[in-house]
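Encoded as structure tokens, the structure appears first; notes follow it.
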Amino acid sequence: MSNKEKLFAEFTAPTTQEWLDKIEVDLKGADFQKRLVWRTNEGFNVQPFYRREDLASLKTPDSLPGEFPFVRGNKKNSNEWYVRQNIAVQDPVEANKKALDILNKGIDSLGFRIPKNIVSKETIEALLKDIHCEIVDLNFRTCNHHALELAQIVDEYFTKKGYDKTKLSFTVGFDPIEMILKKGKDITPILADGPKIVELLKNYPKAHVTTVHTETLNNAGAYIVQELGYALAWGNEYMQQLVDAGVDVDLAARQMKFYMGVSENYFMEIAKFRAARLLWAQIVKQHGPQDENSAKMTINATTSTYNQTLYDSYVNMLRSQTEAMSAALGGVHSLVVTPFDTPYEKPTDFSERIARNQQLLIKEESHFDRIVDPSAGSYYIEHLTDALAQEGWKLFLKIEEEGGFLEALKKGVVQDDINATNVKRHGDAAKRKEFLLGTNQFPNFTEKSEGKRAVATAACCDSVATYKKLETTRLAADFEDLRIHTEETRVPVAFMLTIGNLAMRQARAQFSCNFLACAGYKVIDNLGFKTVEEGVDAALKAGADIVVICSSDDEYAEYAIPAFKYLNGRAMFVVAGAPACMEDLKAAGIENFVHVKCNVLETLKEYNQKLGI
């Protein structure tokens, strides 16, 4: 073609005001702010649409990959990340066999958790046998009291083997501050080991020592902005301690590694990692490094356990898959996908295989590793990045005003904040303001626990709590406990007495079935009955403990009271909905109603009590 045509040149681009005018018409008088503007848990509003003009005041779109402040990632040419799997070491020989096996199945990063009682040269020799350490990312962790000893052993091993220290990528994790959050333990005496380990491994340019485990906050229910803000304060606490101890700023920053969680909030999590790198670069810059690259934030991401469930556990794979996608697109250094069966058993070979393949799928088939920061320029994600950065920075400054992260922990400020969020989220889950697919919404009606029980968290060190600690409970735990109790005691039968308006009776029957199945009740749905007497008789014939009348609001005035009287206390009677005639129904003796404003968990506990379960 000799003439170049500009596509859509004949169309006039609508202005923002024209879009708003059109939306106002479509809303038919409804309030724009209440109907379409999302108030996030992170403390800021999200608009229903964004345009190029919304980015005019933002600096993030002007950044380049691999360049300060690294909001667009640490790499220039790819989005490559390490596919990591963790191994709990009991027998070093067996752990080595497992490591060699999974290295042939797509893993290129190994995480070894070594009990303190077997930290030795022999353990490391056995653990690393036949592993080519220059081409594998290695991660070692033990009790913080033995981290210095472990670092010395690892250093001796690498030196003995004659490895090129510039090629070795490894971590000997040291994060005593995490012990306050998990155990409430006073860790002040061992903080002095940090500078010693950093200096010991200073000749390994790819080594990491000081670690910040905000995945602990994520798994305790922290909102995204809380994890972000506290990660910055936590990291800065260690930076300041190292610099005050005489460690070179560049070395201290270079050896820092952040272990962050990933929740199910897909776009927000992508933005979190971008905002984290942006803010951490600014913090490191204030310490005066000689090399801007020292301000790169190295992040290992781990998919959350907080939203994992014991029932319908295969749904955990759906959750962790989107979480893994968020982390990969967010530009992390390495990634761990938590196996779907983690809440109730030691992960099996099958679940670990699936977890590996979840990463390999997005890397080898979807090519997430090829494009650097693919979300850059998205009006929505750029806005989220900026908004999270602002809110995260506010939280960081608040902690600095408390005297730093360690002082804030000693005062219980951080623990109180996260624990309050955990309580709120459990309350929201109880009311179904926060959904857990398969647990408090759309449960599998026929599923049984089959002996599955929540796995207790193992203690790292015996200690007496000096400070407050996190109260960690998975979001699904309350519903799971209720459902298991029902299974172990007696499973009641809930019968849907559907009558009247076809659309309404079906909708309310489905709602009620989902509602009651959250406690493990056996639910029986029906196509409809001509009379309430016919429905009640069918319910009693089916051995119903609960009869739920399902109809339209208008028809409840006609059907509910006759059905209640005909049932005559032979089973619990429930009305599906909150009809206008509710007060009249209550006056007739009807006590039980299920509707969208109910606290599902408390209602089901009440029903169990009434049924003697």
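The values are calculated or read from the model by the stated rules, or taken from the named source; none is laboratory data. Quick caveat: nothing in here was measured; it's all calculated off a predicted structure. Neighbour counts are summed over all protein chains in view; Cβ atoms, including those assigned to glycine, are modelled from backbone coordinates with ideal geometry. Note: accessible area is taken over every heavy atom of the protein model, side chains too, but ligands, DNA and RNA are not part of it. Shrake-Rupley method; radii C 1.70, N 1.55, O 1.52, S 1.80 Å.
A few points about this structure:
- Qualifying residue in segment 480-501 (condition: more than 30 Å from VAL423 (Cα to Cα) and basic (Lys, Arg)): no
- Hits in segment 401-420 (condition: in contact (Cβ under 8 Å) with a residue 24 or more places away in the chain and open to solvent by less than 40 Å² (accessible area, probe 1.4 Å)): GLY404, PHE405, LEU406, ALA408, LEU409, GLY412, VAL414, GLN415, ILE418, ASN419
- Meets criteria (open to solvent by 10 Å² or more (accessible area, probe 1.4 Å) and at pLDDT 95 or above) for GLU227: no
- Only residues that are open to solvent by 40 Å² or more (accessible area, probe 1.4 Å), assigned to a loop (DSSP other than H, G, I, E, B) and not charged (D, E, K, R) were counted in segment 51-73, giving 4.
- For segment 78-90, residues that are open to solvent by 20 Å² or more (accessible area, probe 1.4 Å) and farther than 17 Å from PRO347 by Cβ total 3.
- Verdict on ARG432 being more than 30 Å from THR40 (Cβ to Cβ) and in contact (Cβ under 8 Å) with a residue 40 or more places away in the chain: no
- Qualifying positions in segment 3-39 - assigned to a helix (DSSP H, G or I) and hydroxyl-bearing (Ser, Thr, Tyr): THR16
- In segment 257-269 there is at least one residue that is surrounded by 24 or more Cβ atoms within 10 Å (Cβ to Cβ) and among the hydroxyl-bearing types (Ser, Thr, Tyr).
- Selection within segment 186-224 - modelled with pLDDT of 95 or more, of a type in the set (Val, Ile, Thr) and farther than 28 Å from VAL136 by Cβ: ILE190, ILE224
- Candidate set from segment 101-148 (those that are in a loop (DSSP other than H, G, I, E, B) and among the acidic types (Asp, Glu)); member that is surrounded by the most Cβ atoms within 10 Å (Cβ to Cβ): ASP108
- Members of segment 275-290 found to be surrounded by 24 or more Cβ atoms within 10 Å (Cβ to Cβ) and either in contact with a Ser or Thr (Cβ under 8 Å, 6 or more places away or on another chain) or of a type in the set (Val, Ile, Thr) (or both), listed by number: ALA275, LEU278, VAL284
- Meets criteria (under 30 Å from TYR311 (Cβ atoms), open to solvent by less than 20 Å² (accessible area, probe 1.4 Å), outside any helix (DSSP H, G or I) and at pLDDT 95 or above) for ALA539: no
So that you can scan it fast, the table gives a plain yes or no per residue for (1) open to solvent by 10 Å² or more (accessible area, probe 1.4 Å); (2) of a type in the set (A, V, I, L, M); (3) part of a helix (DSSP H, G or I); (4) in contact (Cβ under 8 Å) with a residue 40 or more places away in the chain:
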site	(1), (2), (3), (4)
THR466	yes, no, no, yes
GLU471	yes, no, no, yes
ARG474	yes, no, no, yes
HIS485	yes, no, yes, yes
GLU488	yes, no, yes, no
VAL491	yes, yes, no, no
ALA494	no, yes, no, yes
GLN510	yes, no, yes, no
LEU516	no, yes, yes, yes
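- Taken over segment 584-610, residues that are among the small types (Gly, Ala, Ser) and either in a helix (DSSP H, G or I) or surrounded by 17 or more Cβ atoms within 10 Å (Cβ to Cβ) (or both) amount to 1.
- Counting residues in segment 341-348 that are assigned to a helix (DSSP H, G or I), touching a residue at least 24 places away in the same chain (Cβ under 8 Å) and at negative phi gives zero.
Conditions (1) open to solvent by 10 Å² or more (accessible area, probe 1.4 Å); (2) modelled with pLDDT of 95 or more; (3) out of contact with any Lys or Arg (no Cβ under 7 Å at 6 or more places or on another chain), marked per residue:
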position	(1), (2), (3)
THR298	yes, yes, no
THR302	yes, yes, yes
LEU335	no, yes, no
SER351	no, yes, yes
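- Residue, farthest from the chain's Cα centre (by Cα), within segment 166-195, restricted to residues that are farther than 15 Å from THR466 by Cα and surrounded by fewer than 17 Cβ atoms within 10 Å (Cβ to Cβ): THR166
- Subset of segment 19-28 (residues that are open to solvent by 100 Å² or more (accessible area, probe 1.4 Å) and under 16 Å from GLU53 (Cα atoms)): TRP19
- Residues that are more than 27 Å from ARG425 (Cβ to Cβ) and part of a helix (DSSP H, G or I) within segment 279-298 comprise ALA281, GLN282, ILE283, VAL284, LYS285, GLN286, GLU292, ASN293, SER294, ALA295, listed in sequence order.
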